[in-house]
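J.: Can you keep this structure in mind? I'll have questions shortly.
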Amino acid sequence: MLDVCLLGCGGMMPLPYRWLTALMTRFNGSSLLIDCGEGTQIAMRKYGTGFKDLDLILKAGVYAPTGRNTRDTLFLVVTQKELIDRMSKMNAAVMGSENDPFYGAPAVIVVFADRTRTTTVEDGSCAMANLMNAAFSLGIDSCWIHRAREVFESAEGRAIARSFGIPDEYIGIGNCILGYRDCELPTPVERTQP
């Protein structure tokens with residue numbers, strides 16, 4: 001099965017902070033980045049990630065288990081600051097806040113799953129967990145930010161999803177923000193045995 005993923009957001013003409021998109025295709029375990037413009041390359045260099053890192057993180061999401069092995073979870077990768085800021089404001093509005101729920105992250109992967117499946121939330125949740133585990137293994141920090149469903153069920157959110165070819169029967173499961181922390185990891189809380 002051929003899997004297609006749009007990286008970033010842009011238009012027909014690159015502008016400052018608005019670069020052209022790139023297209024990643026995956027087939028039989030191989031990935032190919034098509035039409036990788038300078039915007040995608042600049043963003044990846046600026047934030048210390050590379051094509052291999054993003055490919056590995058997305059591959060982990062693609063390999064997440066799904067009910068009945070449907071493997072139809074979709075990923076929207078956004079690295080364009082203008083769109084990240086727009087989605088962050090939409091997310092904050094859902095929770096009645098003006099704070100940045102994406103914490104200034106340079107990349108966001110929105111996970112979508114088919115609402116007609118009986119395992120919609122479970123499928124998307126497995127993908128989110130795989131994305132975050134893969135990111136951590138590569139030294140990239142991540143966080144699950146809720147409210148993707150509410151954001152992408154709004155008229156504005158649905159328009160964004162449609163512009164990237166996300167079908168209407170798909171709902172947002174979560175936003176996986178990616179970046180690098182500016183502090184040390186906190187010490188994990190000790191777990192008690194049952």
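The values are calculated or read from the model by the stated rules, or taken from the named source; none is laboratory data. Please read all numbers here as calculations on a predicted model, not as lab measurements. Don't worry about glycine lacking a Cβ; one is built from the backbone with ideal geometry, like all the others, and counts go over all protein chains shown. Each accessible area value is taken on the protein alone, full model and side chains, heavy atoms only, with ligands, DNA and RNA left out. Shrake-Rupley method; radii C 1.70, N 1.55, O 1.52, S 1.80 Å.
J.: Could you rank Ser137, Ser125 by how accessible they are, 1.4 Å probe, largest area first?
T.: I get Ser137, Ser125, largest accessible area first.
J.: With unit charges on the beta carbons (Lys and Arg positive, Asp and Glu negative) and the dipole taken about the Cα centre of the range 46-163, which residue among Gly61, Ser142, Gly157 sits farthest to the positive side?
T.: Farthest towards the positive end: Gly61.
J.: Identify the chymotrypsin sites (Phe, Trp or Tyr not before Pro) of the range 86-134 meeting these criteria: DSSP loop state and at most 15 other C-beta atoms within 10 Å of the C-beta.
T.: Loop-located and lightly packed - Tyr103.
J.: Ranked highest first by the average count of other Cβ atoms within 10 Å around their residues, in what order do 184-192, 150-158 fall? Present the calculation step by step, with values, prior to reporting the outcome.
T.: Numbers: 184-192: 6.1, 150-158: 16.4.
Highest mean packing first, the order is 150-158, 184-192.
J.: Same structure, new question: Can you give the charge dipole size of the range 63-128 about its Cα centre, rounded to the nearest 20 debye, using +1 on the beta carbon of Lys and Arg and -1 on the beta carbon of Asp and Glu?
T.: 180
J.: Based on alpha-carbon centroids, what's the gap between the range 144-194 and the range 54-107 in Å, whole number please?
T.: Centre-to-centre (Cα) distance: 5 Å.
J.: With every protein chain left in place, what is the accessible area per residue of the range 43-194 in square angstrom, probe 1.4 Å?
T.: Roughly 55 Å² per residue, with all protein chains present.
J.: Once you order the gyration tensor axes a ≥ b ≥ c over the Cα atoms, which shape class does the range 100-166 get: rounded for a/c under 1.5, otherwise prolate or oblate by comparing a/b with b/c?
T.: Since a/c reaches 1.5 but b/c is at least a/b, the shape of the range 100-166 is classed as oblate.
J.: A further question on this structure: Report, largest value first, the span of the C-alpha coordinates of the range 81-194 along each principal axis, in whole Å.
T.: For the range 81-194, the Cα extents along the three principal axes come out at 42, 34, 27 Å.
J.: Leaving ligands, DNA and RNA out of it, report the carbon-plus-sulfur percent of the accessible area of the range 71-194 at a 1.4 Å probe. Don't skip to the answer; put the middle values down first.
T.: Numbers: 3570 of 6760 Å².
C and S fraction of accessible area: 53 percent.
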